[in-house]
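The values are calculated or read from the model by the stated rules, or taken from the named source; none is laboratory data. The model shown is predicted, which means the values in this text are computed figures rather than measured ones. All Cβ positions, glycine included, derive from the backbone under ideal geometry; neighbour counts span all protein chains shown.
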Amino acid sequence: MRTEQPKMIYLKDYQAPEYLIDETHLTFELFEDHSLVHAQLVMRRNPARGAGLPPLVLDGQQLELLAVTLADKELSADDYQLSENHLTLQPTSETFTVDTSVKIHPETNTALEGLYKSGTMFCTQCEAEGFRKITYYLDRPDVMSKFTTTVVAEQHSYPVLLSNGNPIASGPGEDGRHWATWEDPFMKPAYLFALVAGDLWCVEDTFTTMTERTVALRIYVEPENIDKCQHAMNSLKKSMRWDEEVYGREYDLDIFMIVAVNDFNMGAMENKGLNIFNSSAVLARAETATDAAHQRVEAIVAHEYFHNWSGNRVTCRDWFQLSLKEGFTVFRDSGFSADMNSATVKRIQDVAYLRTHQFAEDAGPMAHAVRPDSFIEISNFYTLTVYEKGSEVVGMIHTLLGAVGFRKGSDLYFDRHDGQAVTCDDFIKAMEDANGVDLTQFKRWYSQAGTPRLAVSESYDAAAKTYSLTFRQSCPETPDKVEKLPFVIPVELGLLDSKGNEIALRLAGEASAQGTTRVISVTEAEQTFTFVDISEQPLPSLLRGFSAPVKLSFPYNRDQLMFLMQHDSDGFNRWDAGQQLSVQVLQELIAQQQKGESLVLDPRLVSALRTVLSDESLDQAMVAEMLSLPGEAYLTEISEVADVDAIHIAREFARKQLADNLFEGLWLRYQANRDLSKKTPYVAEAEHFARRALQNIALSYLMLSGKPEVLAAALEQFDTSDNMTERLTALAVLVNSPFDEQKDQALASFAEQFKDNPLVMDQWFSVQAGSTLPGGLERVKALMQHPAFNIKNPNKVRALVGAFAGQNLINFHAADGSGYRFLADLVIELNGFNPQIASRQLAPLTRWRKYDSARQALMKGELERIRASGQLSSDVYEVVSKSLA
Ligand code: B3K
Ligand code: ZN
């Protein structure tokens, strides 16, 4: 654990490196109780830093230095300085070689950063700053080097030895050991380094690129998982083709490998030619993975693959630029998923996620700009803001430039910066240069945190036939800044006449109308746009497709929202009108509950959803999305002070009312789809996802009726379905039901059947952790004693603790503070062995400002207890101290 006080690092302090590393030659000797790493670095003075030979300061952490040679001379302890985080040497010429040998302990590395063991396998995770736990190095993304790596290990336990690039040699060694050498011809920063050694099997395929080169594709897994790789392989091939077709990007090595590991801090990692994945982001087959899991695998495989260009070929100059690769790559993978599935449904899901979680982050103590100005621990900045909001920012550029202009910009960006480590400014500059536009004001999206508000008002002049929309933008204060300058907000909009038809859009001053949906740019604090030739009072459809990540408000009444739900030509806005209607109705119920009145559901919501349910022409996935009420977390986010109990009671009341009133329609839809499921073998495609999504949301409503025929249907679905999507939903509705006997039986039989499949057991944990019935904390505590639970495994922690604290709000926020105490204890424990996971799990406590004063005091008390608990990792220290500031 560190002894130095964590300190803030600032973007404004960036300086190019003093030295460069042209070549990196690594040899790993892996043993059961330690590993040895020999590094030979071919270095030179960075000409950009001028003359002179300042000390060479190499990064290194938790390394036992065995030997160091500078320019062929072995150094003695007097010749260098060694501190907790650095090794400092004095070069005596412009070019020189440094050799180091260090001893490390992957076998006891529980932080899962650097070289570590997952089960019996050796693997690495270097982004952002894990490479310094492997060897002394200039561990920063603007130092790019050509890597050659030799791995030596015992042959029997580690038959497969992998690293980045192409395999160039291998052979037997002494004492039952063997070795393999890999060479990566592309310059890369150390964070993209990877090594794997283990007893792995692989699924193989090939891909022929646009220039007819053949690339070998391999997915490596532990032998028992060899039957769960096909979906990931299909996803990989689709991603490779899509990136050629949509972005003109071809793969560049002869081989592309994915390795699945069970112990992994996040989803996956884009190491050059050797992606390492959390097994949850690779393995999928009908019997063990849900539709959502299949879609997640497809998206993550694509995301990591797309990084080969947006991240690897063109990388980041420094970690403040993280969104340069992450925001852009999320934008790319969303486009891919939209093309593979239903684009509207993908957009709905992304926006619902952004509004619930990123907006909450942007309103909390950890709020930061897409390109932050400062940080203490970079691991804390792999955030929804950098990823999801970063993707929205790239999406707005796409909206402003159009698909063709955007492609010109991305082509220029990749061509101009291939092999370089660059900044978000370089990305914008390429977009500007390729299109002849000025994005200076637009760049405020990179530097100003907080979610902008956009209040819209209208006025119609019947005599003049003009219709004006006035936009007022503002952005709340965030910890980094109080005053914000106006953003460029692209608003895609349309106007509907009283029959629901689209009106041709001609702005005052324009010669003719330009279509019925168009994008206007709001660039000032207050701005009015006037449309002419409008012969009746129209109804505006604003922010179509969610064209900007803002909180838009327009004084719609409920009848207008119902009208938009039915008539808007923009699918996203039809859904959003439904959400706004639901929010109004739920907020009314929440207020009734708070005043002690009896709850009365506005019948218009019932009738609006009845219309949706009976519309056979609508994509069934859309119907499922429209039937889903805004979640409790979203209702919390939009509350001034969130009343946990009232939100839960109001929402459950609405669900029950809808279930009772729509019973017949739901039952018909359920049965029709369930019958089809019984007849059709499982297929992981959009149309089938859609059918099962509607079937499953229908079942979850129907179950609220408590009717015996529904219980029988749930049991039948649980017992006889051939796929996890149907089984898990059936399990979840039973777990949330009052039918204790059936629930216990189902849980037991499920656990018995899947006890040897850790990913399925994760779902079993999550379903129980998410149950909002009373006694949630006790159930979670009991499950932590289950033999399948393991606190050292991040997936288990997320499945049980993450699901409880993040999704089971009524139980987590128990008024006695027991949920908070539990989470704080857990964070303190995790801090001792896996700081990244500790810091992530802390997020729910950082939202304390949203709650009533009693809960605020309890939450803050727990944050203070964590702060006082002893030696904190920089990860936890940063989040706790900012939350209490
Ligand atoms: N680039 C990695 C994330 C690394 C996180 C390090 N703490 C995965 C991704 O975004 O593709
Ligand atoms: Zn990424």
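How many of the residues in segment 250-300 are out of contact with any strand residue (DSSP E or B) (no Cβ under 7 Å at 6 or more places or on another chain), farther than 20 Å from Q763 by Cβ and not charged (D, E, K, R)?
Summing the residues that are out of contact with any strand residue (DSSP E or B) (no Cβ under 7 Å at 6 or more places or on another chain), farther than 20 Å from Q763 by Cβ and not charged (D, E, K, R) in segment 250-300 gives 1.
Quick one: V282 ticks every box in (1) within 24 Å of V246 (Cβ to Cβ); (2) surrounded by fewer than 24 Cβ atoms within 10 Å (Cβ to Cβ) except a single one, so which number is it?
Going through (1) within 24 Å of V246 (Cβ to Cβ); (2) surrounded by fewer than 24 Cβ atoms within 10 Å (Cβ to Cβ) one by one, V282 breaks only (2).
Among the residues of segment 390-402 satisfying the criterion of being within 16 Å of ligand 2 (Cβ to nearest atom) and aliphatic (A, V, I, L, M), which is surrounded by the most Cβ atoms within 10 Å (Cβ to Cβ)?
V394
Identify the residue in segment 354-374 that is in a helix (DSSP H, G or I) and more than 16 Å from ligand 2 (Cβ to nearest atom) and, among all such residues, is nearest to A843 (Cα to Cα). Write out each step before concluding.
Start the filter on segment 354-374 by keeping residues that are in a helix (DSSP H, G or I), which leaves 354-362.
Subset that is more than 16 Å from ligand 2 (Cβ to nearest atom): 354-357, 359-362.
Details: L354: 16, R355: 16, T356: 14, H357: 11, F359: 13, A360: 10, E361: 9, D362: 12 Å.
Among those residues, the one meeting the criterion is E361.
Return the total of residues in segment 317-350 being touching a strand residue (DSSP E or B) at 6+ places or on another chain (Cβ under 6 Å) and farther than 16 Å from E392 by Cα.
1
Run down A284, A194 and say which single residue is more than 16 Å from ligand 2 (Cβ to nearest atom) and modelled with pLDDT of 95 or more.
Working: A194 fails: more than 16 Å from ligand 2 (Cβ to nearest atom).
The unique qualifying residue is A284.
If I ask for residues that are away from ligand 2 (no atom under 11 Å from the Cβ), closer than 16 Å to G248 by Cα and not aromatic (F, W, Y), which ones from segment 309-334 would you list?
R313, V314 - these are the residues of segment 309-334 that are away from ligand 2 (no atom under 11 Å from the Cβ), closer than 16 Å to G248 by Cα and not aromatic (F, W, Y).
Which of the residues that make up segment 762-792 are in a helix (DSSP H, G or I) and among the polar types (S, T, N, Q)? Quick ask: steps written out before the conclusion?
Looking only at segment 762-792, we keep the residues that are in a helix (DSSP H, G or I), and these are 762-769, 776-783.
Those that are in a helix (DSSP H, G or I) and among the polar types (S, T, N, Q): Q763, S766, Q768.
Where residues in segment 33-79 are in contact (Cβ under 8 Å) with a residue 24 or more places away in the chain and among the polar types (S, T, N, Q), which of them is farthest from Y116 (Cα to Cα)?
We begin by selecting, within segment 33-79, every residue in contact (Cβ under 8 Å) with a residue 24 or more places away in the chain; these are 33-46, 48-49, 53-72.
Filter again for among the polar types (S, T, N, Q), leaving 35, 40, 46, 61-62, 69.
Values: S35: 10, Q40: 22, N46: 33, Q61: 14, Q62: 13, T69: 26 Å.
This residue is N46.
Residue check, D33 against (1) more than 27 Å from T124 (Cβ to Cβ); (2) surrounded by fewer than 12 Cβ atoms within 10 Å (Cβ to Cβ), all met but one. Which one?
Against the list (1) more than 27 Å from T124 (Cβ to Cβ); (2) surrounded by fewer than 12 Cβ atoms within 10 Å (Cβ to Cβ), D33 comes up short only on (1).
Report, by residue number, each residue of segment 863-885 that is part of a helix (DSSP H, G or I), surrounded by fewer than 20 Cβ atoms within 10 Å (Cβ to Cβ) and more than 23 Å from the chain's Cα centre (by Cα).
Scanning segment 863-885 gives E864, R865, R867, S881, L884.
Using beta carbons and a limit of 8 Å, which pairs, at least six apart or on different chains, have the first residue in segment 858-873 and modelled with pLDDT under 95 and the second one charged (D, E, K, R)?
Short answer, once both residue conditions are applied: Q871/R2.
Residues I258, I276: which one is in contact (Cβ under 8 Å) with a residue 60 or more places away in the chain, more than 14 Å from the chain's Cα centre (by Cα) and under 16 Å from R218 (Cα atoms)?
Working: I258 fails: in contact (Cβ under 8 Å) with a residue 60 or more places away in the chain.
None of the other options fit; the residue is I276.
Mind telling me which of the residues D744, D675, D756, D660 ends up being assigned to a helix (DSSP H, G or I) and under 30 Å from Q785 (Cα atoms)? Quick ask: steps written out before the conclusion?
Values: D675 fails: under 30 Å from Q785 (Cα atoms); D756 fails: assigned to a helix (DSSP H, G or I); D660 fails: under 30 Å from Q785 (Cα atoms).
Criteria check complete, one pass: D744.
Which residues, taken from segment 372-392, are more than 16 Å from ligand 1 (Cβ to nearest atom) and in contact with a Phe, Trp or Tyr (Cβ under 6 Å, 6 or more places away or on another chain)?
S374
Would you check which residues across segment 440-496 are assigned to a loop (DSSP other than H, G, I, E, B), within 22 Å of E640 (Cβ to Cβ) and not small (G, A, S) and list them?
Initial filter on segment 440-496 (assigned to a loop (DSSP other than H, G, I, E, B)): 440-443, 448-452, 462-465, 475-477, 479-480, 482-488.
Of the ones still in play, those that are also within 22 Å of E640 (Cβ to Cβ) are 449-452, 475-477, 479, 482, 484.
Correct list: T451, P452, C475, P476, E477, P479, V482, K484.
Of everything in segment 375-389, what is away from ligand 2 (no atom under 13 Å from the Cβ) and in a loop (DSSP other than H, G, I, E, B)? Give them in sequence order.
Within segment 375-389, I376, E377 meet the criteria.
Filter segment 251-279 down to the residues that are among the acidic types (D, E) and within 15 Å of ligand 1 (Cβ to nearest atom), then identify the one that is surrounded by the most Cβ atoms within 10 Å (Cβ to Cβ).
Within segment 251-279, the first condition is being among the acidic types (D, E), and the residues that meet it are 252, 254, 263, 270.
Narrowing the set further to residues that are within 15 Å of ligand 1 (Cβ to nearest atom) leaves 263, 270.
Values: D263: 22, E270: 24.
Applying the filter and picking the extreme gives E270.
Quick check on this structure: which one of A421, A369 is buried (at least 19 other Cβ atoms within 10 Å of the Cβ), hydrophobic (A, V, I, L, M, F, W, C) and in contact with a Phe, Trp or Tyr (Cβ under 9 Å, 6 or more places away or on another chain)?
Values: A421 fails: in contact with a Phe, Trp or Tyr (Cβ under 9 Å, 6 or more places away or on another chain).
The unique qualifying residue is A369.
Considering each residue of segment 263-278, count those that are farther than 16 Å from V160 by Cβ and either of a type outside the set (D, E, K, R) or within 14 Å of ligand 2 (Cβ to nearest atom) (or both), and give that number.
Start the filter on segment 263-278 by keeping residues that are farther than 16 Å from V160 by Cβ, which leaves 263-270, 272, 278.
Filter once more, keeping what is either of a type outside the set (D, E, K, R) or within 14 Å of ligand 2 (Cβ to nearest atom) (or both): 264-270, 272, 278.
Adding up the residues that qualify gives 9.
Return yes or no: is E245 at pLDDT 95 or above, part of a helix (DSSP H, G or I) and more than 16 Å from ligand 2 (Cβ to nearest atom)? Outline the logic, then answer.
On the way: at pLDDT 95 or above: yes; part of a helix (DSSP H, G or I): yes; more than 16 Å from ligand 2 (Cβ to nearest atom): yes.
The answer is yes for E245.
Does at least one position in segment 225-242 carry a residue that is closer than 19 Å to E270 by Cα, part of a strand (DSSP E or B) and aromatic (F, W, Y)?
Of all residues in segment 225-242, those closer than 19 Å to E270 by Cα come to 229, 231-242.
Next cut, part of a strand (DSSP E or B) only: none.
Taking every residue of segment 225-242 in turn, none turns out to be closer than 19 Å to E270 by Cα, part of a strand (DSSP E or B) and aromatic (F, W, Y).
Which condition from (1) among the small types (G, A, S); (2) crowded, with 21+ Cβ neighbours inside 10 Å; (3) away from ligand 1 (no atom under 16 Å from the Cβ) is the one that G248 breaks?
Only one criterion is unmet by G248, namely (2).
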